[in-house]
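Novice: Before we start, here is the structure in question, set down as structure tokens.
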Amino acid sequence: MSDFEAKMKSPKGIEPERWFTEMYRKHQGHPLRTLIALYKGNYHKFLLAVVFFTLKHCCVWVLPIVTANIINDISVKNPNTVRNIVFYTLLMIFLIGLNIPMNYRYVDYKSQATRYAETGLRKALIRKLQQLSIRFHVETQSGRLQSKIMRDVEAVEGLSTQLFLSTLNIVLNISIALAVTITKSWVVFLFFLVTTPIAAITMVSFRTKMKRRNYEFRKEMEETSARVMEMVELIPVTRAHALEEEEVEKMSRQLFTAAEKGYRLDLIQALFGSVGWAAFQVFQIICLAFTGYLAFKGDILAGDITLYQSYFASIVNQVSAIITLVPTITKGIESVNSIGEVLLSEDVEENEGKRPIETVEGHFEFKDVYFSYHDGEKDILQGLNLEVKQGETIALVGESGAGKSTILNMIIGFYLADRGKVLLDGQDLREIDLRTYRKYLAVVPQTSILFSGTIRDNIIYGCENVTEEQLQEVLRAANLKEFVDSLPKGLDTLVGEHGGRLSGGQRQRISIARALIRDPRIIVLDEATSALDSISEKLIQSAVNNLTAGRTTFIVAHRLSTIRDADKIAVIGDGRCVEYGTYEELMERKGAFYKLKKMQT
Ligand code: ADP
């Protein structure tokens, strides 16, 4: 554990991620309360941050007083003026110098607290994503989840920092300015009280006029970047069809639309921005005139004019800061809620408390299984009965959409039967801890899913203590040995993002090797539909045969070779098993399978 990790403590020694989920649950529906609760156990860090912030900011509050005092000394011809100037100068240099270490410490404590929340939230989200059901993931766009983990968490961190910093700034600046004013002059205090809100509201109202244009421009830029992404992805297709000019033309229209929005924003900014600024200056001048008049009458000293000028500016700025803070808060709160949607989602795979599995033989039975993806929708499986004995290979065939992949998903336990039972060695899948069962299961999906890394990483994924001999054995069985040996870096060759540097057949064999190394009892294999040349097909088929030997295997089969080699074939249709038997039996019967075969050839 790094030093920084050790600094991140949550109350009662609970890991931050679990603590955060607990806080979300406890303060459900109250985003601000949730936000504050996320920092429990770190409040003292904020308190220390306040102390250091006050110290670092001292010079700003003291400077107007010092300036006023020096001018006053000069104007009343105080005999100690020179001595005072030296004293004030040294004091100010000290206070300004103090700013550097104090600011450092302030950021240190504030950042420890906010980064802790940021990391903890991300980790909580990541853990939750690993627990949520496959149904949830199928139905949620991955881009949305990514934006929750990155953008929303960032917005929450931004909200915390902004809220903390602004509240601190506002409270300290206003109270110090008002306190100094009230001790010096009641009249000026009242003047501030009346004019500040008017000045602040005038400034803000002009600034918000720019907001809509700003929003329009931002939307247009988002649209542009989405279009650029799409255009880049489409480049191979565009070029293949010689549509370059059309694409450039299309993009150029988008670019000009965005540019026009930007141009309008510039103009409105020029107008309202300067009107807001001018309003503020006018109020400053009014303040100057008012305090100047008071000084002329002798109610206040001449030097105090500059003091009130600085404080008035600071108060007006802080009040308008409160008003402009509202959108940041709204956005931050939206993000707090958006994170909550995931953290509080109930759609998790329930394994806790269920019976763990010690050994798996690999005998499967579907007993009158009914299943639909959503309540009230048509049943995809309608009373499926199917038995697969230990070590048998069964090929599932049938028209597209018949429900073959659905059956595979039920074997993995991604979806459970609505009615009827799926039994593994006589035990209902609904009653066992699926995580313990899946240790005996290997899945070879239709499209091989590789991650960026080496071939070795991709094969041993998640398996520890794999010896070099085992690895070589697996390479041989998956028909990868020759290919890997031909590579200069062998097993340590990088596969590129999603295995982009490998051919389809090579990726499939790596997928098969990944299954082999786990030495599973049960195999779920969704055959790739893409046509392969006969050499690739042979290499893959013999790898598949090595994989399935002696293991219970479910294959969604498209290739004649796999269907022939299977022990049994089940034809799926109308959500049921409509025909069942060996290849020869089914061909002889001249029923559904025979018809399917004839259609394919
Ligand atoms: P096969 O593998 O035989 O082609 P599937 O099992 O993929 O068939 O699909 C069976 C039926 O279930 C199809 O009608 C398909 O549209 C539907 N289906 C598949 N997945 C989902 C899902 N996640 N949500 C809703 N319907 C689905």
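The values are calculated or read from the model by the stated rules, or taken from the named source; none is laboratory data. All figures in this text were calculated on a predicted structure; none of them were measured in a lab. Cβ coordinates were reconstructed from backbone atoms using ideal geometry, including for glycine residues, and neighbour counts include every protein chain displayed. Calculation scope for accessible area: heavy atoms of the full protein, side chains included, ligands and nucleic acids excluded. Shrake-Rupley method; radii C 1.70, N 1.55, O 1.52, S 1.80 Å.
Novice: Kindly establish whether D73 is open to solvent by less than 60 Å² (accessible area, probe 1.4 Å) and among the charged types (D, E, K, R). Can you show your working first?
Specialist: Working: open to solvent by less than 60 Å² (accessible area, probe 1.4 Å): yes; among the charged types (D, E, K, R): yes.
Yes.
Novice: E260: more than 33 Å from the chain's Cα centre (by Cα) and open to solvent by 80 Å² or more (accessible area, probe 1.4 Å), yes or no?
Specialist: Values: more than 33 Å from the chain's Cα centre (by Cα): no; open to solvent by 80 Å² or more (accessible area, probe 1.4 Å): yes.
No; evaluated as a whole, the condition is false for this residue.
Novice: Let me ask you something else. Of everything in the stretch 399-431, what is among the hydrophobic types (A, V, I, L, M, F, W, C) and either within 16 Å of the ligand (Cβ to nearest atom) or more than 19 Å from R551 (Cβ to Cβ) (or both)? Give them in sequence order.
Specialist: First pass over the stretch 399-431, keeping only residues among the hydrophobic types (A, V, I, L, M, F, W, C): 402, 407-408, 410-412, 414, 416-417, 422-424, 429.
Listed by number, the residues that qualify are A402, I407, L408, M410, I411, I412, F414, L416, A417, V422.
Novice: Counting only residues that are within 12 Å of the ligand (Cβ to nearest atom) and either assigned by TED's automatic domain parsing to the domain that holds Y594 or open to solvent by less than 20 Å² (accessible area, probe 1.4 Å) (or both), how many does the stretch 366-397 have?
Specialist: 6
Novice: Do we find a residue being more than 36 Å from the chain's Cα centre (by Cα) and either farther than 28 Å from V153 by Cα or open to solvent by less than 20 Å² (accessible area, probe 1.4 Å) (or both) anywhere in the stretch 30-49?
Specialist: Checked against the condition, which is being more than 36 Å from the chain's Cα centre (by Cα) and either farther than 28 Å from V153 by Cα or open to solvent by less than 20 Å² (accessible area, probe 1.4 Å) (or both), the stretch 30-49 yields no hits at all.
Novice: So which of S338, S400, S405 is assigned by TED's automatic domain parsing to the domain that holds V171, among the polar types (S, T, N, Q) and under 38 Å from the mean Cα position of the chain (by Cα)? Before the answer, list the steps.
Specialist: Numbers: S400 fails: assigned by TED's automatic domain parsing to the domain that holds V171; S405 fails: assigned by TED's automatic domain parsing to the domain that holds V171.
Within the list S338, S400, S405, the selection yields S338.
Novice: Can I ask one more? Tell me whether the stretch 314-321 contains one or more residues that are assigned to a helix (DSSP H, G or I), within 19 Å of I174 (Cβ to Cβ), under 32 Å from the mean Cα position of the chain (by Cα) and hydrophobic (A, V, I, L, M, F, W, C).
Specialist: Restricting attention to the stretch 314-321, the residues satisfying the condition of being assigned to a helix (DSSP H, G or I) are 314-321.
Narrowing the set further to residues that are within 19 Å of I174 (Cβ to Cβ) leaves 314-321.
Subsequent filtering for residues that are under 32 Å from the mean Cα position of the chain (by Cα) retains 321.
Retained after the next criterion (residues that are hydrophobic (A, V, I, L, M, F, W, C)): 321.
Within the stretch 314-321 (the criterion being assigned to a helix (DSSP H, G or I), within 19 Å of I174 (Cβ to Cβ), under 32 Å from the mean Cα position of the chain (by Cα) and hydrophobic (A, V, I, L, M, F, W, C)), the answer is yes, since at least one residue qualifies.
Novice: Using the structure shown, decide if K184 is open to solvent by 30 Å² or more (accessible area, probe 1.4 Å) and more than 18 Å from V336 (Cα to Cα).
Specialist: Working: open to solvent by 30 Å² or more (accessible area, probe 1.4 Å): yes; more than 18 Å from V336 (Cα to Cα): yes.
It is true that K184 is open to solvent by 30 Å² or more (accessible area, probe 1.4 Å) and more than 18 Å from V336 (Cα to Cα).
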